[in-house]
Amino acid sequence: MAEPEMSPWRLVLQRPSITGESPVWCDRTARLYWVDVQQPALHRLDPETGLDESWTMPAWIGCLALGGGAAAGSVLVALRTGVYRFELATGALSLVAPAPFDPRRFFLNDGKCDRAGRFWVGPMRHSLLPLVGEPGAAEGPLWRLEGDRLVAAGKPAALSNGLAWSPDGRTMYHSHTETGEINAWDYDQESGEMSRGRLFARVNGPPGPDGAEVDSEGFYWSAINGQGKIMRFDPDGRVERELAVPFKYPTMVAFGGSDLRTLFVTSGRWAIADKDAADYPLDGGIATFEAPVPGLPCSRWAG
C-alpha cells in the first residue's frame, strides 16, 4: 500500500501526557472527555478554547464511559482497582465493581459501552514491583459489567484494545495489540453475548492496533500505535485508507464536533526514551482531522 496520506490537522491540546487515552465526545456540552493513564486523571477538553479541566484519580485510569439516563452527570471510570462511578458535580467516587484480577499484575485498559449502554473493558498486563519477572497469568479476558461485578467473556489478551460495535450493534470488534490481530464477533444486543469469533484484520507490528471506533458507514478506524498512522477498514476487513498523524504513538480515535465529522486522535509518550523525546515533540497531545463521513454518537452507560 502507498504511504499514508497526511490530511490537514489541528493540534487542539499540546501536553506531555504519558498515555492519553479513551477520548469520548459529549454532544450535550461540546466537550471531549479523555484520560491520562499513568498520571491518573479524568480530563475534559474544550477544543475551541483549549481549556482542559482535570480530576485526579487514586489509581491508574484506563478508560471512561459517560453516564446516561439515571446516571446522567456521572462518568464511569475503569481504574486499576476496579470500575467506579465518578460524580462530576461533587467529585465523589464510588465503587461499582472490583477488579476481577490481581491489580498488582494487571490494570483495566481499553473499555467502551455497546449500543445498548452495556459497559465492556479489557486488561493490560503490567506487573508492579516486586512482582516484575515473577511467573503469573500473562493474559486476561474481556469483562462485561453486570450490576456490581465484571463477567469474563471473549478471547484472552495481554494487551486488550480496539473495542467498537457496528452501527446496528450486531458486530463487536476487539484488537490484540501485541499480536496485531483485530477480531470480529457476532453480538447479541439483548443478552450481551459474543459468538462466532473470527479474524477481521491483521496489522504488522510493532506495536500494533490500539484504540478504535466505527463510523456511520460501518468502517472501523484503528490507531496504529508506534507507526504514526490511523487505518480505516471496510466491514470486510480490507484497508480502505491510511492516514498519517503528527504522533508516532497515537492511542485512540473518537468522532465529535457538531456534525460528528471531527476525528479526535489521542497520543502518549510512554514508549519514547528520554534520549528520543526531542524527536517527538507533539506526542502526548490531541489532534483533530476532518473525517470523510460522520461518526456515531457515543453510547452512554445505562447505569
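Quickly run through segment 32-57 and pick out the residues that are part of a strand (DSSP E or B), more than 16 Å from residue 285 (Cα to Cα) and touching a Leu at 6+ places or on another chain (Cβ under 8 Å). If you could, list the steps in order and put the result at the bottom.
From segment 32-57, those part of a strand (DSSP E or B) are 32-36, 41-45, 52-56; that's our starting set.
Now narrow it down to the ones that are more than 16 Å from residue 285 (Cα to Cα): 55-56.
Of everything in segment 32-57, just one residue is part of a strand (DSSP E or B), more than 16 Å from residue 285 (Cα to Cα) and touching a Leu at 6+ places or on another chain (Cβ under 8 Å), namely 55.
Just so you know, in segment 219-236 the residues that are under 14 Å from residue 164 (Cα atoms) and not acidic (Asp, Glu) include one that is surrounded by the fewest Cβ atoms within 10 Å (Cβ to Cβ), and it is 235. Quick check: anything in segment 252-260 among the hydroxyl-bearing types (Ser, Thr, Tyr) and assigned to a loop (DSSP other than H, G, I, E, B)? Yes, because at least one residue in segment 252-260 is among the hydroxyl-bearing types (Ser, Thr, Tyr) and assigned to a loop (DSSP other than H, G, I, E, B).
Checked across segment 263-286, the condition of being modelled with pLDDT of 95 or more, touching a Lys or Arg at 6+ places or on another chain (Cβ under 6 Å) and under 20 Å from residue 31 (Cα atoms) holds for at least one residue. Among the numbered conditions (1) within 23 Å of residue 140 (Cα to Cα); (2) assigned to a strand (DSSP E or B), the only one that residue 221 does not meet is (1). Of all residues in segment 255-271, those that are over 18 Å from residue 63 (Cβ atoms) have Cβ atoms under 6 Å from Cβ atoms of residues that are of a type in the set (S, T, N, Q) and at pLDDT 95 or above, 6 or more apart or on another chain, in 262/288. Of the set (1) within 19 Å of residue 258 (Cβ to Cβ); (2) acidic (Asp, Glu); (3) surrounded by 20 or more Cβ atoms within 10 Å (Cβ to Cβ), all apply to residue 27 but (3).
Within segment 27-40, residues that are at positive phi and free of Cβ contacts under 8 Å to residues at least 24 places away in the same chain reach no partner that is surrounded by fewer than 20 Cβ atoms within 10 Å (Cβ to Cβ) and outside any strand (DSSP E or B) with beta carbons closer than 6 Å at six or more positions or on different chains.
Tell me which residues, restricted to segment 267-298, are in a loop (DSSP other than H, G, I, E, B) and crowded, with 20+ Cβ neighbours inside 10 Å.
269, 283, 284, 285, 291, 295, 298, listed by residue number.
Every condition in (1) more than 15 Å from residue 21 (Cβ to Cβ); (2) at pLDDT 95 or above; (3) surrounded by 20 or more Cβ atoms within 10 Å (Cβ to Cβ); (4) out of contact with any Phe, Trp or Tyr (no Cβ under 8 Å at 6 or more places or on another chain) holds for residue 106 except the one numbered (2). Across segment 109-130, not a single residue is classified as of a type in the set (A, V, I, L, M), modelled with pLDDT of 95 or more and over 25 Å from residue 170 (Cβ atoms). Hey, does segment 132-139 have a residue that's touching a strand residue (DSSP E or B) at 6+ places or on another chain (Cβ under 8 Å), farther than 29 Å from residue 94 by Cβ, in a loop (DSSP other than H, G, I, E, B) and touching a residue at least 40 places away in the same chain (Cβ under 8 Å)? No, segment 132-139 contains no residue that is touching a strand residue (DSSP E or B) at 6+ places or on another chain (Cβ under 8 Å), farther than 29 Å from residue 94 by Cβ, in a loop (DSSP other than H, G, I, E, B) and touching a residue at least 40 places away in the same chain (Cβ under 8 Å). Output the residues belonging to segment 75-120 that are assigned to a strand (DSSP E or B) and acidic (Asp, Glu). 87, 110 - these are the residues of segment 75-120 that are assigned to a strand (DSSP E or B) and acidic (Asp, Glu).
Please find, among 50, 68, the residue that is closer than 26 Å to residue 146 by Cβ and surrounded by fewer than 20 Cβ atoms within 10 Å (Cβ to Cβ). Step through it out loud before you land on a result.
Working: 50 fails: closer than 26 Å to residue 146 by Cβ.
One residue alone meets the criteria, 68.
Of all residues in segment 155-183, those that are within 20 Å of residue 62 (Cα to Cα) and touching a residue at least 12 places away in the same chain (Cβ under 8 Å) have Cβ atoms under 7 Å from Cβ atoms of residues that are hydroxyl-bearing (Ser, Thr, Tyr) and part of a loop (DSSP other than H, G, I, E, B), 6 or more apart or on another chain, in 159/177; 161/177.
The values are calculated or read from the model by the stated rules, or taken from the named source; none is laboratory data. Given the structure is predicted, the values throughout are model-derived calculations rather than measurements. We place every Cβ from the backbone using ideal geometry, glycine too, and count neighbours over all the protein chains shown.
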